[in-house]
Amino acid sequence: MKTSFPVDSFQGIKTPFYYYDVSLLRRTLDAINREAKRYPNFCVHYALKANVNPKLLGIIRTEGLGADCVSGGEIRAALQAGFEPDKIVFAGVGKTDWEINSGLDHGIFCFNVESIPELEVVDELARAKNQIASVALRINPNVGVHTHAHITTGLAENKFGIGMDEMHRVIDRASTMKHIRLVGLHFHIGSQITDMGDFVALCNRINELQEQLYARQLIVDHINVGGGLGVDYRHPDRQPIPDFAAYFATYHKHLKLRPDQTLHFELGRSVVAQCGSLISRVVFIKQGVHKQFMILDAGMSDLIRPALYQALHRIENLSSDQPVETYDVVGPICESSDVFGKAVDLNRSRRGDFIAIRSAGAYGETMASHYNCRELPAGYTSEELI
Ligand code: LLP
């Protein structure tokens, strides 16, 4: 049984809902700022795709992070939360005209551009507004990472970015465009990466590319290495704050920045994953032929990660300290993949018990859907519930 949750204050709240420990979020942000500020040229953006709950966005913005957006909707959410436009980067393979126009109208810091057709459209739309758009080229570094196949992005087979062979051709093309200013190179190799060696491989690749650019007397203002730092899903309480010291030190040690170049990061999961839990109640305990099922009122519409990526999330009963039994923990949705965990050891559980699905602060609430005509889960912070 976990006691660190304010279970009494959960009593009157409709389940399932997301619960965010803002004290942990603040300590995580403190650690990011402390470790990143060792290196004066490092700038950290928060990747909004991980969680756009306005209460969390407000805290993240107050701590001084910039914003990494992948849609016009995220730009709107970032601006509403008070992020400065000149700290907003805008990435994505399929930016539509209104989204590009929104970035131009608000004067965002940079468009991370992924192809020549996109570059042409940004140039044209900026010309119509008599503006010059700041652009970083997203290069696909063809670096493999040790993570789930669905969340690698930096391989040649992925849809993301401009191939390394193509990079020079795109730079030549950009230099002919009057409404484009090439300010950076952007990379992102994948998500939930815990092996620092993967980031070292990216640094080595960027160093090679920078050498090639240097040979043609080109130095861009900034390098953006995306996000990707992973968290410990198996033991959320062992190291609730990821090792930002090691992460930033890896880049400091291995990436050869040119004088005055800044290094940008787009961290999502490592900022918000551990502060969030999906809180649910047991609807039924059902005896199967060979196992017992714990059926929750939360399902894959509330947290899709286990169904989509076979992701592991630690599950805890917040209401019971009875001896442990083994359950398949499932949701109520009409899909066999609506499973949160198989053969999970939990304190003996009864209908009505509160269950926490941990490490759900990133890509939980943002990926929730109305499937089966279900309501979207609400999100509450620890400050609201005390
Ligand atoms: N920058 C770019 C260009 C990205 O594509 C992503 C994530 C990030 C930054 C932030 O990465 P992070 O620091 O969160 O690893 N829904 C999946 C994760 C998808 C990640 C997509 N891109 C999941 O639930 O695991």
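The values are calculated or read from the model by the stated rules, or taken from the named source; none is laboratory data. Being a predicted model, the structure only gives us computed values, none of them experimental. Note: ideal-geometry Cβ built from the backbone for every residue, glycine included; neighbour counts use all protein chains shown. Side chains included, ligands, DNA and RNA excluded: accessible areas come from the protein's heavy atoms. Shrake-Rupley method; radii C 1.70, N 1.55, O 1.52, S 1.80 Å.
Some observations on this one:
- Using a probe of 1.4 Å on the protein chains alone, the accessible area found for ILE295 is around 30 Å².
- Relative to the Cα centre, the charge distribution of region 1-90, modelled as +1 at Lys and Arg Cβ and -1 at Asp and Glu Cβ, gives a dipole magnitude of about 120 debye.
- Debye, to nearest 20: dipole size of the chain, +1 on Lys, Arg Cβ, -1 on Asp, Glu Cβ: 360 debye
- When the alpha carbon gyration tensor of region 34-83 is reduced to an equivalent ellipsoid, its three semi-axes come out at 21, 11, 8 angstrom, largest first.
- When only alpha carbons of region 232-386 are considered, Rg and Dmax amount to 18.7, 67 Å.
- Rounded to the nearest 20, the size of the Cβ-charge dipole of region 233-381 about its Cα centre is 340 debye, with Lys and Arg at +1 and Asp and Glu at -1.
- Annotation: extensible slack from GLU211 through ASN158 equals 16.6 nm (criterion: 0.36 nm per residue apart, minus Cα-Cα distance).
- In region 10-57, the convex hull through the Cα atoms has an average projected area of 4.4 nm², a quarter of its surface area.
- Accessible carbon and sulfur surface of the chain relative to its total accessible area, %, 1.4 Å: 50 percent
- Long pairs among LYS95/LYS159; LYS37/LYS178; LYS37/LYS159; LYS178/LYS256; LYS49/LYS129, criterion Cα-Cα beyond 24 Å: LYS37/LYS178; LYS37/LYS159; LYS178/LYS256; LYS49/LYS129
- Cα extents for region 202-286 along the principal axes, largest to smallest and rounded to whole angstrom: 68, 21, 20.
- Relative protection proxy for 244-251, 47-54, from highest mean packing down: 47-54, 244-251 (other beta-carbon atoms within 10 angstrom).
- Length-normalised contact order of the chain in % [C-alpha pairs under 8 Å, at least 6 apart]: 21 percent
- When nucleic acids and ligands are ignored and a 1.4 Å probe is applied, ILE132 ends up with an accessible area of around 110 Å².
- Label positions at ALA31 and ASP345, each projected 7 Å from the Cα along the C-beta direction, are separated by 2.6 nm.
- Potential extension, SER4-GLU335 segment - 0.36 nm per residue separation minus Cα distance: 115.9 nm
- The helix-only estimate of mean residue ellipticity at 222 nm for the chain, built from DSSP H runs of length n ≥ 4 each weighted as -39500 (n - 2.57), is -8500 deg cm²/dmol after division by the residue total.
- Contact order, relative form, for region 211-368: 27 percent (alpha carbon pairs under 8 Å, 6 or more residues apart, mean separation divided by residue count).
- Fraction of alpha-carbon pairs over 26 Å apart in region 129-241 - percent: 28 percent
- FRET efficiency, 1/(1 + (r/R0)^6) with R0 41 Å, evaluated for ASP165 and THR96 via beta carbons: 0.90
- Per residue, the chain exposes 43 Å² of accessible surface when a 1.4 Å probe is rolled over the protein heavy atoms with every protein chain present.
- For region 311-386, the calculated P(r) over all alpha carbon pairs, in 10 Å bins from 0 to the bin holding the longest distance, is 15, 44, 35, 6 percent.
- Along the axis of the charge dipole computed for the chain (Cβ charges of +1 for Lys and Arg, -1 for Asp and Glu, origin at the Cα centre), the listed residues SER134, LEU29, SER4 are led at the positive end by SER4.
- Here is what passes the span test in the chain: the DSSP H helices with alpha carbon length of 24 Å or more along the helix axis and a Kyte-Doolittle mean of -1.0 or above are 196-215.
- Debye equation applied to the C-alpha atoms of the chain, log10 I(q)/I(0) at 0.09, 0.10, 0.13 Å⁻¹: -0.55, -0.67, -1.05
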